[in-house]
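Each remark here refers to the structure printed beneath this line.
None of the figures in this text is laboratory data; all of them are computed from the coordinates on show. All values reported here derive from a predicted model rather than from experimental measurement. Reconstructed Cβ throughout: ideal geometry from the backbone, glycine too, with neighbour counts over all protein chains shown.
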Amino acid sequence: MRSKKGCFDSPFCRFWVFTKREKVMEIRYVDVADITKNIKEMCMEANFVLSEDMKKALENAKNTEHSPIGKKVLGDLEENLAIADKERIPICQDTGMAVVFIEIGQRVHFQGGNLEDAIHAGVRQGYQEGYLRKSVVSDPIERKNTGDNTPVVIHYSIVDGDGVKITVAPKGFGSENMSKIHMLKPAQGLEGVKEAIIKTVKEAGPNACPPMVVGVGIGGTFEKSALMAKQALTREVGEHSPIPWAKDLEVEMLSEINRLGIGPAGLGGSTTALAVHINTYATHIAGLPVAVNICCHVNRHITRSL
Ligand code: SF4
């Protein structure tokens, strides 16, 4: 057996070390302080300014809304957005529970501390510095407010490369509470999926603060469908699924939902939803999970790549 010293002294092992050094060169070091700083800024930005795609969708809806009261509500929402942006104040009093999606390239190595702590710190600082309402309780039954809007709901994924992509999506609970998972039988098929989506939106009615964006996850397991539905809400509004049947379903469901008459703020009208986004995944032969995650008109999501 070679000693460590002997091993490093041999020509063979120098090659190994050289090879290893080359691999080390490929690693990208990211300081967790950068994660904290970006998440802090993103929490404030997401709560003060709605993304361009959402603003455009609201503007289009105002132009096409049939009901005068619906038009007026959409105009009020636009005015509210403009004030929040100008004054740097929250768009809504419900500044949400922070949901963070983080995609990490497998060549990234974090340094300077623990990544998860850094994410929580970013949210804590953002909600404190931005004077955003602290809406998180530490225990679902005892319900004591944590005072800093942490902990955060974090979803990690490991991808190729050396990038880090962060999406911060503060989620309001008026609409979160109206979301549902339906564990359908395979025989219920597409018709069953349609019924599940429409039933969920109908039951949500004005409680989900419409006009809403409807995220749908079809397939996977119980929890995978819910995660896909949540992720669907972060898609650019109106961007369609690349899967032809899912795209057709998005179009059909949006039209059906807008025929329900719930309207902006639930006061009636032709704009109940701005978009339906569907994500799909493989599933078990015995099941057809369908998760419907509803978001209100304050569909906050902001993405940065580091
Ligand atoms: S559901 Fe949305 S619009 Fe309604 S109170 Fe919560 S954040 Fe505000």
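Which percent of Cα pairs goes in each bin when the distances of the chain are cut into 20 angstrom slices starting at zero?
All Cα pairs considered, the percentages come to 30, 51, 15, 4, 0.
Measuring from label point to label point, each 7 Å out along Cα→Cβ, what is the residue 155 to residue 202 span in nm?
2.8
Note the per residue figure in Å³ for the convex hull of the C-alpha positions in segment 112-230.
It comes to 169 Å³ per residue, whole-number rounded.
Could you give the C-alpha radius of gyration of segment 173-301 expressed as a fraction of 2.2 N^0.38 Å, taking N as the number of residues it contains?
That works out to 0.95 for segment 173-301.
How much length would be gained if the chain were fully extended between residue 86 and residue 162, taking 0.36 nm per residue of separation minus their Cα-Cα distance, in nm to one decimal?
Contour length minus Cα-Cα distance gives 23.7 nm.
I need 67, 138, 179, 305 ordered by Cβ neighbour count within 10 Å, fewest first.
Final ranking by Cβ density, sparse to dense: 305, 138, 67, 179.
Given labels modelled 7 Å from the Cα in the Cβ direction, how far is it in nm from residue 267 to residue 76?
0.4
HN-Hα J couplings of segment 120-136 from phi, Karplus 6.51/-1.76/1.60, θ = phi - 60°, integer Hz, Gly and Pro as x?
Coupling constants for segment 120-136: 4, 5, x, 5, 4, 5, x, 6, 6, 5, x, 6, 8, 4, 8, 10, 10 Hz.
Tell me which lysines have Cα within less than 26 Å of residue 72's Cα, excluding those fewer than 8 residues away on the same chain?
Cross-link targets: 55, 56, 62, 86, 171, 202.
Near residue 230, which aspartates and glutamates are there with a Cα under 12 Å away, not counting those fewer than 8 places off in the same chain?
Counting by Cα, and skipping residues close in sequence, residue 230 has these aspartates and glutamates nearby: 176.
Hey, rough spin-label estimate for residue 243 and residue 93, points 7 angstrom out along Cα→Cβ, what's it come to in nanometres?
With each label placed 7 Å out from Cα toward Cβ, I get 4.0 nm.
Roughly how far apart, in whole Å, are the Cα centres of segment 132-204 and segment 46-87?
23
Report the full-extension gain for the segment residue 173 to residue 185: residue separation times 0.36 nm, less the Cα-Cα distance, to one decimal in nm.
1.4 nm
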